[in-house]
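The values are calculated or read from the model by the stated rules, or taken from the named source; none is laboratory data. Model, not experiment: these values are computed from the prediction. Methodologically, a virtual Cβ is constructed for each residue, glycine included, from the backbone with ideal geometry; neighbour enumeration extends over all protein chains shown. These accessible areas exclude ligands, DNA and RNA; they are computed on the full protein's heavy atoms, side chains included. Shrake-Rupley method; radii C 1.70, N 1.55, O 1.52, S 1.80 Å.
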Amino acid sequence: RSRSYTSLLHSALTAAEAEDQSEPLNLCVRDAPLKCEPEHAAHARRHTPTIKLEPPPHMDEDEVASGGGMSSPDVAWAPGGRLGVPSHWLHDYRLKTEDGLSSASTMRCMRWAVGPHLLKQTLPVTISRRFLPEPRKRFYRNVTVAGTDSIYEVNLDHRKLKTPLGNVLQVPNYGLALAIAHEWASVKDKIHPSLLHLTGLAFSVIDNVNHETKWNIVNKTLEYLVTDTLLYRDNGMEDFTAMQAKEWDPVLDWFNRRFETDLKPCDGILVVDIPESTRETIRRYLLSYDIWAVNGFLFGVEVLKSVILAIAAAERKISSEKAVFLSRLETNFQISHWGAVEWAHDLDKYDHQSRFSAALLFIHLNTWQASSKQKAKP
């Protein structure tokens, strides 16, 4: 069973050479005979024979023309190679002479399992690939920041950093420009844009591909309020229900006091009823920020799936690490009982922390203001 088709054919031709060189040798692949002439059988190890594959005698011309047999009756073979025989024909291999199967001394048989791995060249192999662009290597040495009091730019070796649409990256404050420059300075060998979160947020605001206004971005953020993570509780496991009440209730109570609302969690699959007055209160709060910070809020809410946690972190009620922990409370509960999946849970945790920390930093840097006033002379 472990002998390959090539070694079997080698053995057959060698046997023909040793026994009788005057008679042709027929190697049948099921009902299709592979004929090898005597002059090709001799010196098989030193020459390259031409093997002709004929369709079975019971197959008429229409079946052969429709593809029932080989697409071409002539198949070339070289020592050490493979025959171009369809895999569904590779079932029974028999060596016989013209008078049929003879004695055991002149008969050799082998039964193979049908499989494309025996003759890989007969069937096309399709390998699915993702043709992603190769990350660009770092092409700069120094990263600097230049600008005035209201517009700052990031330079890569005296080249201005530009957005995907070709616009020059111009940010409204010096702190954000320094943070973006630090991202590019931290690149080691290759540039992975998906890891440059602050740069990506700045690109989104400047290019604004979908022509979003601040009002539209706030409305998109408010769509997460009705499915906020803190408003849905589990009623199946007592331990997890107690953990949710212990960790989430203090943040929800603070949110209700801060915005004078009365949001209450629900159990099961019921949908929380959000009063229109509550929506308007949160909308006015978010509209008080500029479009740069509003984009940061949307990015952070998409990470946590919670408007309440994002606002609590922006108001410095909780830290970014605590916000990510509360958003992944169910995952943390399962890990404490069943253990963590190596690499998967840790990678997901740090990815959430890096993305939300970037969103929170983007909000703070775009709401931070500093002013200096010269002291009056006495």
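The phi-based Karplus calculation (6.51 cos²θ - 1.76 cosθ + 1.60; θ = phi - 60°) puts the 3J(HN,Hα) values of the stretch 134-148 at 5, x, 6, 6, 5, 10, 10, 10, 10, 10, 10, 10, 9, x, 10 Hz, whole numbers, x for Gly and Pro.
With all protein chains kept in place, the per residue accessible area of the stretch 153-206 amounts to 51 square angstrom at a probe of 1.4 angstrom. Heavy-atom accessible surface of the stretch 211-343, averaged per residue, reaches 53 Å², computed with a 1.4 Å probe. Within the stretch 276-378, report the trypsin sites (Lys or Arg not before Pro) that DSSP leaves as loop and that have at most 10 other Cβ atoms within 10 Å. Answer in residue order: Arg316, Lys373, Lys375. Could you tell me which of rounded, prolate or oblate describes the stretch 267-343, using a ≥ b ≥ c as the square roots of the eigenvalues of the alpha-carbon gyration tensor, with rounded for a/c under 1.5 and, failing that, prolate when a/b is larger than b/c and oblate otherwise? Oblate shape, in that a/c is at least 1.5 and b/c is the bigger or equal ratio. Taking a ≥ b ≥ c as the square roots of the eigenvalues of the alpha-carbon gyration tensor, the stretch 294-378 is classed prolate because a/c is 1.5 or more and a/b outweighs b/c.
Shape class of the stretch 148-241 from the alpha-carbon gyration tensor: prolate, with a/c at 1.5 or above and a/b greater than b/c. Computed over the alpha-carbon atoms, the stretch 214-293 gives an Rg to Rh ratio of 1.02, Rh here being the Kirkwood radius from the mean inverse distance.
Of the chymotrypsin sites (Phe, Trp or Tyr not before Pro) found in the stretch 127-211, the ones in coil according to DSSP and having at most 16 other Cβ atoms within 10 Å of their Cβ are Phe131, Phe139, Tyr140. Taking the protein heavy atoms of the stretch 132-266 in the context of the full set of protein chains, the accessible area attributed to carbon and sulfur is 52 percent at 1.4 Å.
On the beta carbon distance between Glu276 and Met237, with R0 = 51 Å, the FRET formula returns roughly 0.90. Close amide H pairs (under 5 Å, H built 1.01 Å from N) link Ile151 with no residue at least 5 positions away or on another chain. Once the Cα-Cα distance is subtracted from the 0.36 nm per residue extended length, the Trp215 to Leu287 segment shows a gain of 25.2 nm. Rounded to the nearest 0.05, what FRET efficiency is calculated for Glu247 and Thr227 with R0 set to 25 Å and r the Cβ-Cβ distance? Efficiency for this residue pair is about 0.85.
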